[in-house]
Amino acid sequence: MNSSRIAPSLVTMSRTMRSQQAIRTGARYLAASRTFHVQARASTFIVGSERFKQAGILNTNIITQQVRTYADKVVKVPQMAESISEGTLKQWVKNVGDYVKQDEEVATIETDKVDVSVNSPASGTIIEVFAAEEDNVAVGADLFKLELGDAPKEGAASSEAKEEPKKEETKEETKKEEQPKKEEKKVEESKPAPPKEESKKQEAPKPAASQPSEQTKAAFGNRSENRVKMNRMRLRIAERLKSAQDTAASLTTFNEIDMTNLMDLRSTYKDAVLKKHNVKFGFMSAFVKASAIALQELPAVNASIDGTDIVYHDYVDISVAVATPKGLVTPVLRNVEDMGYIDIEKNIAALGNKARDNKITIEDMAGGTFTISNGGVFGSLMGTPIINLPQTAILGMHGIKDRPIAVNGKVEIRPMMYVALTYDHRVIDGREAVTFLVKLKEMVEDPRRLLLNL
């Protein structure tokens, strides 16, 4: 055999062996990086692969594709609370192809209690989503896939954008060339068609059937309907309120409070409080503080039911009902027994703003030993609030109305408010419920009793 023929074949064999060895080595390295979750930049592998490419051994597309799969991260539905196992995907804030920074909001999930924001755990580009809006998603399920990396460079984006218009121009030119040919064919086909057009014109007058519907609209006006699916929070509120009605032995007792002294106190010091503490001085703080003192004197009203046990609390955590566009939420003021008027007003304002801005968390609403609902801000005269289980009582405040009452044997017009206490008769007796309202009435009508602890 000729030696000149043997030499090239040996070179080819050595190159093939080197390429196979390089591929096996690269595959082992990539597998190791995948096993230990090493997130390396794609450029690290591509630079090494260029040496193989120059030698005619390996194509860079193989390495790039493998590295990209290992640099992807699947983001799952986060843990929201112990009692929440799923939610409804309400909105994709970012879409496929968008670049997101670390901790940037990507989606919003609606739960039974609050809306939870899903933030990106790292910087990268969203390449795939696994759920559509209004889908139910379970905790721990795959939500979207993120290609890790820095933001795309402006130069690369602009070059891609320039290429796209060129492609569109070429498509438009080809369409324009094809249009004259199609028009010629249409003209030839349309020559024998005049008789059909005449028949169509004769068959045209059919809109007479729509005349009765127009007459009914004129007679009865617009009678359209709009069906909207209940959100998770509204469904949960309905379920809990109905459960409270079916479970608790609810009973409501009423009383009335003369607001004259408290209104004088507020009008005298509201400007000074606003200037010094940057918070508005309202009526809510007086009712919250008076309730905290009364609850400590009557532990049964501050208790809760756990199965067959009654739990008595040494602290006072008051849930304050706040109306939001999605429904009623009850953020909790904790350890109210240690707060003063100003501290209570600051905490109520902060929780109210969070609730209205849809930023309230589940932790803000967890717990609570007693609830206060103020329907008076909407003009309510009187009502019977529903107990917020597992609590045993709820106080309902109502509107302030001028009414004639007897004061020291004389009839006077005073600003009066009806208050209602709905309580669970399984734990609280009528004596305790009435005593609570009388104690509340005395402290609100004469705020000086709070300073003297009377």
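The values are calculated or read from the model by the stated rules, or taken from the named source; none is laboratory data. Small disclaimer: the values here were computed from a predicted structure and weren't measured. So basically every Cβ, Gly included, is an ideal-geometry build from the backbone, and we count neighbours across all protein chains shown. Note: areas computed on protein heavy atoms with side chains; ligands, DNA, RNA excluded. Shrake-Rupley method; radii C 1.70, N 1.55, O 1.52, S 1.80 Å.
A compact table of results
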| item | result |
| --- | --- |
| Which numbered condition T324 fails, given (1) under 19 Å from T422 (Cα atoms); (2) among the hydroxyl-bearing types (S, T, Y); (3) within 32 Å of the chain's Cα centre (by Cα) | (1) |
| Subset of the range 254-311 that is under 16 Å from V438 (Cα atoms) and in a loop (DSSP other than H, G, I, E, B) - its residue that is most open to solvent (accessible area, probe 1.4 Å) | L298 |
| Filter result (open to solvent by 40 Å² or more (accessible area, probe 1.4 Å), among the aliphatic types (A, V, I, L, M) and farther than 16 Å from A286 by Cα) within the range 368-388 | L381, M382, I386 |
| Residue count for the range 326-358, restricted to those that are open to solvent by 20 Å² or more (accessible area, probe 1.4 Å) and either assigned to a strand (DSSP E or B) or out of contact with any helix residue (DSSP H, G or I) (no Cβ under 8 Å at 6 or more places or on another chain) (or both) | 12 |
| Candidate set: the range 96-119, residues that are in a strand (DSSP E or B) and farther than 30 Å from L235 by Cβ; chosen: the one most open to solvent (accessible area, probe 1.4 Å) | Y99 |
| Search result, residues across the range 404-426 that are surrounded by fewer than 19 Cβ atoms within 10 Å (Cβ to Cβ) and within 41 Å of the chain's Cα centre (by Cα) | P415, M416, H425, R426 |
